[in-house]
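Data block below; observations after.
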Amino acid sequence: MLGYTGKILHVELTRGKITEKPLDKEIQRLYVGCVGLAGKILYDQVPIWAGPLDPENLLIFATGPVTGTPGLSAGRHSVVTKSPLTGYFGDASAGGFWGAELKKAGFDAIVLTGRAPRPVFLWVKDGVTELRDATSYWGMNVRDSDRAVKKDLGETNAWVANIGPAGENLVRFATVSNDDGDRVAARCGVGAVMGSKRLKAIAVRGTNKVPVSDEPAIRDSLKELTKLMSSDQTSRWMMKWGTSGAFAPMMELGDTPIRNWTSGEFKDPSKLSTPGEYANYRQAQRTCFSCTVHCRPVVTIPEGAYKTEAKVEGPEYETLGALGTNLDIGNVEQVIKLNDLCNLYGLDTISAGGVIAWAMESYERGLLTAHDLQGCELNFGNGDSTMKVLEMIAYRRGFGDVLAEGTRRASRILGHGSEKWAIEVKGLELPMHDPRAFQGMCLTYAFSAVGADHMEGETMGIESLPVGQESPYFPEYGLKSTDRLGVEGKARIAYIMQNVYQATTALGYCLLSSASGGTCYPIKYNLQFYKAATGLDMSFEEMMRVGERIYNLKRAFNFKHGMRKDEDRLPERLLKEPLPSGGSRGSVAHLEALVKEYCDIRGWDPSSGKPKRTTLEALQMHDVADELWA
Amino acid sequence: MGVVVDSKDVKVRVTYFALAREIVGKGEEDITLSSPANIVNLLGRVIEMHPSLSKVERIIHVMVNGRVELNAYQLKNGDRVSIIPPVSGG
């Protein structure tokens, strides 16, 4: 089984028992890796009565068959669990070097159950594993604990995945970070599940090479692709600025939310743009394992009220929106600092920004006062108050304890109609792409199992092309752009992109560099690298079937765990309030007009919303079909 | 001798975004078009001035005053034209 190690580590934390089991070949064949592999284990093993923060919930770290091999951007891992934010399927993906190191240390995945009696960390080195006491690290921020663990192990070359105070305090949108806190499995509150298990960190060190079928073929394809990308303008733009290079055009198109999704124009986008004022703080771009895109911004604020440590990773597009424009904060130093604080505490910047935007609107409507917020005047635009509120959230102090529950629960606790401006789907706060600007995103947000997550299938790369134009980078998709503000063709665009995204993630590749259109990385190289790593052929059509299978597995999990189809919705604000200005002014989200066609394409039962038996059986998901349609 | 400007000439402000800005080497500039001053002709003029943009011409999205307009839209003096390549990621 090349590309894979063939081994999964099982850790039962209550008794401190560690075992190794072989990777199930049928799961590997059908679900491939990362979110697919982890998702099937989660589907099979989490009892329906287990709450997300109960010991019986599983927390799974999984790599893909190409993770740790020399293929381009082949360094990802997924963190999968039953989400404490939504109660449904939760998955988050991260890059950096940790995933590759886990593979080199001898494991495809780690499955964690139970709850340790006291804080522990897991140490994995070249196949040897042990649980060690983490009491001295409990309470440390992400960066300090990462460094402390490596120092105490005497292993400067180890990579650490860990949680910060937010995870320890079970903040429902806490993250699992890795690589000195610079990379993050951010969404769905996976860090809270890790905290509920009293697991502070997983340190990995592997000196083995990941076994591959044809290394020269990988290197030849890599050389060819690297040359192609370095001469391509789109790729070079991404390499220069990362996703912050998309900030200005997305603002122009009216895609980036402003003031809790109420406005279409921001006072001065150049303050947060690159090129623009943000560029003044940029010192370098970092990269992940086996990736030449270097999309990770490195920044320093050397002095002043918002001083940071030297060379921290700076805000990317999502955070420029979530902790910038959507809070009406235009001070780039404040946004850099807010991003850094989230990284240190271990908070998802999108969800943190979302709940704070809700709180700001509640404050400005008079439902919250400075007294409620420990003296913070939480008007839109107040970056200093936002910093204090982030700390309150991370440590669950005062009203921070309510905000730590996420926007949906917080709005139900506060009441007084505040649910109307809680911008979430299934409990997950929306990312910084407005479906009023790109109608295809209505479907990704409303129907994805994890809730509103753009990385479940971005449609903007197609919808932002001129009408009638095919993507020059992905002719395999067979997709032509239609009017981004209209509904024509959107069901198919969303369907294809969602399947591509699941499959690309399952293989172990980075979506940004290889599937989103952010670079010119043609799909055929993904499949070439896969074949050279594993010795197995996979056609584009087969790849799409893997993606479709995983997408349906996640949805089936949700129905198994009590979801009803009325959760497939969008916030009323987006459906009914047109953007008043900007590049998508006058537009509302046309979800209703898209639903039937999309569900037909997906092969879902219209009355229950479940994937039909015939759909599941065509995808060789007979066990899931039998359970869902029992 | 002063420059004679045809009264039918139209002057617009063109703003370049992302890789279009990188290719052109600046964020914005004024361009004067003679009749017919429509989007197609403006784009042609832009490519003429910056030939390297021709590599991405077919994937460029054009907006006028923050709105998507048809190619035949008649530009007016002072219109703001945005040249935006496809966006993704983030």
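The values are calculated or read from the model by the stated rules, or taken from the named source; none is laboratory data. On a predicted model such as this, the values are computed, not experimentally measured, just so you know. Reconstructed Cβ throughout: ideal geometry from the backbone, glycine too, with neighbour counts over all protein chains shown. Just so you know, the surface numbers come from the protein's heavy atoms only, side chains and all, with ligands and any DNA or RNA stripped out. Shrake-Rupley method; radii C 1.70, N 1.55, O 1.52, S 1.80 Å.
For B:ASN38, the residues whose modelled amide H falls within less than 5 Å of its own, excluding neighbours fewer than 5 places apart on the same chain, are B:LEU75. When the GluC sites (Glu not before Pro) in region A:264-311 are filtered for DSSP coil states and for at most 11 other beta-carbon atoms within 10 Å of their beta-carbon, the remaining sites are A:GLU303, A:GLU309. Positive end of the dipole of the protein assembly as shown, charges at C-beta (+1 Lys, Arg; -1 Asp, Glu), about the Cα centre: which of A:ASN526, A:PHE97, A:PRO117 has its Cα farthest in that direction? Comparing the listed Cα positions along the dipole, A:PRO117 ranks first.
Tell me, in nm to one decimal, what length is gained between A:LYS576 and A:GLU20 on full extension, where the rule is 0.36 nm per residue of separation less the Cα-Cα distance? Walk me through the numbers before you get to the answer.
Values: separation 556, 0.36 × 556 = 200.16 nm, distance 5.26 nm.
194.9 nm is the gain from fully extending A:LYS576 to A:GLU20.
Stokes-Einstein diffusion for region A:485-544 at 25 °C, viscosity 0.890 mPa s, with a Kirkwood radius from C-alpha pairs, works out to 198 µm²/s. Per-residue 3J(HN,Hα) values for region A:238-249, derived from phi via the Karplus relation 6.51 cos²θ - 1.76 cosθ + 1.60 with θ = phi - 60°, read 5, 5, 7, 10, x, 6, 5, x, 8, 4, 4, x Hz in sequence order (x marks Gly and Pro).
Calculate how steeply helix B:39-49 sits against the longest principal axis of the alpha-carbon atoms of chain B, using the helix alpha-carbon long axis, and give the answer as 0 to 90 degrees to the nearest 10. Computed tilt is about 80 degrees. Here chain A is assigned +1 on the Cβ of each Lys and Arg and -1 on the Cβ of each Asp and Glu. Its dipole about the Cα centre then comes out at about 920 debye. Any idea which of A:GLY609, A:GLY64, A:SER471 is furthest toward the positive side of the dipole for chain A, if Lys and Arg beta-carbons carry +1 and Asp and Glu beta-carbons -1? Farthest towards the positive end: A:GLY64. Straight-line reach from A:LYS480: taking Cα to Cα under 12 Å and skipping same-chain neighbours fewer than 8 places apart, the aspartates and glutamates in range are A:GLU463, A:GLU470, A:GLU488.
Centroid-to-centroid, using Cα positions, region B:24-90 and region A:293-329 are 31 Å apart.
Using a 1.4 Å probe on protein heavy atoms only, how many Å² of accessible area do A and B hide from each other, summed over both chains and rounded to 100?
Details: alone 20830 and 5960 Å², together 24250 Å².
Accessible area lost upon association: around 2500 Å².
Once Lys and Arg get +1 and Asp and Glu get -1 on their Cβ, which of A:TYR598, A:TRP241, A:PHE107 lies farthest toward the positive end of the dipole of the protein assembly as shown? Of the listed residues, the answer is A:PHE107. Listed values for region A:267-280 are Karplus-derived 3J(HN,Hα) couplings in whole Hz (6.51 cos²θ - 1.76 cosθ + 1.60, θ = phi - 60°), namely 3, 8, x, 5, 5, 10, 9, 10, x, x, 5, 4, 4, 5, and x replaces Gly and Pro.
Sequentially through region A:546-558, phi angles give Karplus couplings (6.51, -1.76, 1.60; θ = phi - 60°) of 4, x, 5, 4, 5, 4, 6, 4, 4, 5, 4, 4, 4 Hz, Gly and Pro residues having no value and appearing as x.
Residues of region A:560-603 with the amide nitrogen closer than 15 Å to a label point 7 Å from the Cα of A:HIS10, along Cα-to-Cβ, please. Zone members listed by number: none at all.
With a 10 Å radius around each residue's Cβ, average the other Cβ atoms per peptide and rank A:215-225, A:11-21, highest first. Intermediate values should be presented prior to the final figure.
On the way: A:215-225: 16.0, A:11-21: 14.4.
So the order, starting with the most tightly packed, is A:215-225, A:11-21.
For region A:171-259, with only Lys/Arg (+1) and Asp/Glu (-1) charged at the beta-carbon, what is the dipole magnitude about the Cα centre, in debye rounded to 20? Please list the in-between numbers first.
Details: 14 positive and 10 negative charges, 114 e Å.
Approximately 540 debye in magnitude.
The A:TRP49 and A:THR135 beta-carbon pair, evaluated with R₀ = 30 Å, returns a calculated FRET efficiency of approximately 0.45. Between the amide H of A:LEU428 and those of A:ALA452, distances stay under 5 Å, these residues lying 5 or more places away or on another chain, with hydrogens modeled in the peptide plane. Can you list residues whose amide H is under 5 Å from A:TRP604's amide H, if they're 5+ apart or on another chain and H is modeled 1.01 Å from N? For A:TRP604, whose amide H was placed from the backbone, the distant partners under 5 Å are A:LYS612.
Could you please state how large a percent of the accessible area of the protein assembly as shown is carbon and sulfur, counting protein chains only and using a 1.4 Å probe? Let's see the in-between values first.
Numbers: 12020 of 24250 Å².
Roughly 50 percent, rounded to a whole number.
Charge dipole of chain B (Cα centre as origin; +1 on each Lys and Arg Cβ, -1 on each Asp and Glu Cβ, all else neutral): 140 debye, rounded to the nearest 20. Which lysines have a Cα lying under 18 Å from the Cα of A:LYS388, excluding residues fewer than 8 positions away in the same chain? Cross-link targets: A:LYS307, A:LYS337. In loop segments of region A:288-365 as defined by DSSP, the trypsin sites (Lys or Arg not before Pro) with at most 14 further C-beta atoms inside 10 Å of their C-beta are A:LYS307, A:LYS311, A:ARG365.
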